[in-house]
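Notes follow the structure.
The values are calculated or read from the model by the stated rules, or taken from the named source; none is laboratory data. What you see is a predicted model, and the numbers here were worked out from it, not measured in a lab. Don't worry about glycine lacking a Cβ; one is built from the backbone with ideal geometry, like all the others, and counts go over all protein chains shown.
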Amino acid sequence: MVAVNTIDVGLRGLFNIPVFGSFDLVELCMAFVAFLVIPETFLRNEHITIELIDTVLPPGAARALKLFGLAAAVVFVVVLSYFMVEPAVDFWRFNETTIELQIPAVWKAAPVLAGFVITIFAVIVMFVRELRAPGSVAASPAKDPV
């Protein structure tokens, strides 16, 4: 993807000869690369974070905040998935294609939609992991009030 883009820019700049279909290829590859990595990022817990509040709050409150964030992420990704279905269906229904290579546009929408759907499951897994983690209220055994 980087090589195609670099060659296209170089040839276009030096000789005014663009690489035919480079935009279509880079756009298609970007859909696969960018959206299919989101679930893995959630599962590895490798999002960019700034821990300003976590250091001030007690551990229980920080944990509750993390659970709230994961629940909000599930809702957000479900909404994104819902609103991605109609454009994907339209790409398929109207046989939209890319300009140069005539690749069906549904191939750009499919990895985006698949990435969102897989992300829903990944975030749910993260939520359950956080609930079951040591130190959680749900995972600790009940104490007798003796």
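Observations, loosely collected:
- Criterion applied to ALA138, ALA105 was being among the aliphatic types (A, V, I, L, M), on the phi < 0 side of the Ramachandran plot, surrounded by fewer than 16 Cβ atoms within 10 Å (Cβ to Cβ) and modelled with pLDDT under 95, and the one residue passing it is ALA138.
- Some residue of the stretch 19-29 being out of contact with any Lys or Arg (no Cβ under 7 Å at 6 or more places or on another chain), of a type in the set (A, V, I, L, M) and outside any helix (DSSP H, G or I): yes
- Residue match in the stretch 71-78 (condition: free of Cβ contacts under 8 Å to residues at least 24 places away in the same chain and either within 15 Å of VAL117 (Cα to Cα) or basic (Lys, Arg) (or both)): yes
- Scanning the stretch 31-69 for residues that are in contact with a Ser or Thr (Cβ under 7 Å, 6 or more places away or on another chain) and within 24 Å of VAL2 (Cβ to Cβ) turns up ILE38, PRO39, HIS47.
- When the stretch 47-64 is filtered for residues that are exposed (fewer than 13 other Cβ atoms within 10 Å of the Cβ) and either of a type in the set (Phe, Trp, Tyr) or not in a loop (DSSP other than H, G, I, E, B) (or both), the ones remaining, listed by number, are PRO59, GLY60, ALA61.
- Index of the failed condition, MET84 passing every other in (1) over 14 Å from the mean Cα position of the chain (by Cα); (2) at pLDDT below 95; (3) under 21 Å from VAL37 (Cα atoms); (4) of a type in the set (A, V, I, L, M): (1)
Each row is one residue, and each column tells you yes or no for (1) assigned to a helix (DSSP H, G or I); (2) under 20 Å from PHE76 (Cα atoms); (3) of a type in the set (Phe, Trp, Tyr).
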site	(1), (2), (3)
PHE91	yes, no, yes
ILE99	no, no, no
VAL112	yes, yes, no
ILE124	yes, yes, no
PHE127	yes, yes, yes
GLU130	yes, yes, no
